[in-house]
Amino acid sequence: EAQVTQNPRYLITVTGKKLTVTCSQNMNHEYMSWYRQDPGLGLRQIYYSMNVEVTDKGDVPEGYKVSRKEKRNFPLILESPSPNQTSLYFCASSLSARAYYGYTFGSGTRLTVV
Amino acid sequence: GDSVTQMEGPVTLSEEAFLTINCTYTATGYPSLFWYVQYPGEGLQLLLKATKADDKGSNKGFEATYRKETTSFHLEKGSVQVSDSAVYFCALSGEGGGADGLTFGKGTHLIIQP
């Protein structure tokens with residue numbers, strides 16, 4: 001089944017403790033992206049990647065890192081999480097950067113930083 | 001920059017009612033337009049799309065027409081069901097190819113009562 005898999009689904013952590021949210025897709029998609037979803041703000045892009053070793057900042061990149069060493073994986077790294085990063089995170093992938101092909105979204109990771 | 005404005009919810013309707021969720025956008029040129037749906041506890045799914053002016057996207061009884069003259073992409077359904085209860089997002093991808101991803105509206109929470 002074609003899908004984007006995120007792990008974990010739920011995570012509670014403490015301020016300052018480094019964490020990684022994994023994202024993997026099995027569709028050989030070139031384009032991958034991370035979004036955060038917050039009440040009243042909708043979805044905002046954090047980082048995106050157009051291909052292996054090519055990443056770029058989205059609208060809200062502060063406090064996050066990403067890497068794209070393999071085509072299928074696009075982990076999101078929070079080096080020193082803070083409470084304002086409590087949010088619902090989604091990974092998405094697409095055949096190419098042209099969004100009209102449609103994005104496939106993962107099921108989400110609900111992160112709470114205390 | 002690009003932006004999407006959609007009516008804020010929650011929108012509460014009775015089963016079999018007619019649904020309209022308004023969406024207007026600001027973008028240069030001819031963006032591609034999308035409606036995504038998010039069911040409780042799940043990621044976003046592409047509902048329908050339109051890539052040029054006057055195109056009509058349709059799926060699962062939902063329709064939306066790309067109106068360049070009014071910069072709108074309103075979502076409609078003739079007879080809603082309880083199973084349509086979800087959050088609906090209008091989104092656009094810029095004319096340049098969308099390398100920096102989709103721009104989303106804030107989402108409209110739709111509640112259908114039996």
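The values are calculated or read from the model by the stated rules, or taken from the named source; none is laboratory data. Note that this is a predicted model, so its numbers are computed, not measured. Positions of Cβ are generated from backbone atoms using ideal geometry, with glycine treated the same way; all protein chains shown enter the neighbour counts. In case anyone asks, the SASA skips ligands and DNA or RNA and just uses the protein heavy atoms, side chains included. Shrake-Rupley method; radii C 1.70, N 1.55, O 1.52, S 1.80 Å.
Annotations
- Amide H to amide H distances under 5 Å link B:Gly61 with no residue, where only residues 5 or more positions off or on other chains count and H is placed in the peptide plane.
- By the compact-protein rule of thumb, 2.2 N^0.38 Å, the alpha-carbon radius of gyration of chain A corresponds to a ratio of 0.99.
- Accessible area of chain B divided out per residue, in Å², using a probe of 1.4 angstrom: 45 Å²
- Radius, Kirkwood style, for chain B when every pair of distinct Cα atoms is counted (Å): 14.1 Å
- Residues of the stretch A:29-47 with amide N under 14 Å of a point placed 7 Å along Cα→Cβ from A:Ser107: none
- Principal axis box of the protein assembly as shown, alpha-carbon based, largest edge first, Å: 49, 39, 35
- Across the stretch B:40-91, the volume of the C-alpha convex hull divided among the residues equals 84 Å³ per residue.
- Length added when fully stretched, B:Glu15-B:Tyr30, from 0.36 nm per residue minus Cα-Cα: 1.8 nm
- Of the GluC sites (Glu not before Pro) in the stretch B:19-92, the ones in a loop by DSSP (not H, G, I, E or B) with at most 14 other beta carbons within 10 Å are B:Glu42, B:Glu69.
- The loop-placed chymotrypsin sites (Phe, Trp or Tyr not before Pro) in the stretch B:13-54, going by DSSP, that have at most 16 neighbouring Cβ atoms within 10 Å of their Cβ come out as B:Phe18.
- Computed FRET value (nearest 0.05) for A:Tyr10 with B:Glu69, which takes r as the C-beta separation and R₀ as 35 Å: 0.15
- The trypsin sites (Lys or Arg not before Pro) of the stretch A:42-107 that DSSP puts in a loop, and whose beta carbon has at most 14 other beta carbons within 10 Å, are A:Lys69.
- Cα gyration tensor, the stretch A:8-48 - rounded (a/c under 1.5), prolate or oblate: oblate
- Carbon-plus-sulfur accessible fraction, chain A (probe radius 1.4 Å, protein heavy atoms only): 50%.
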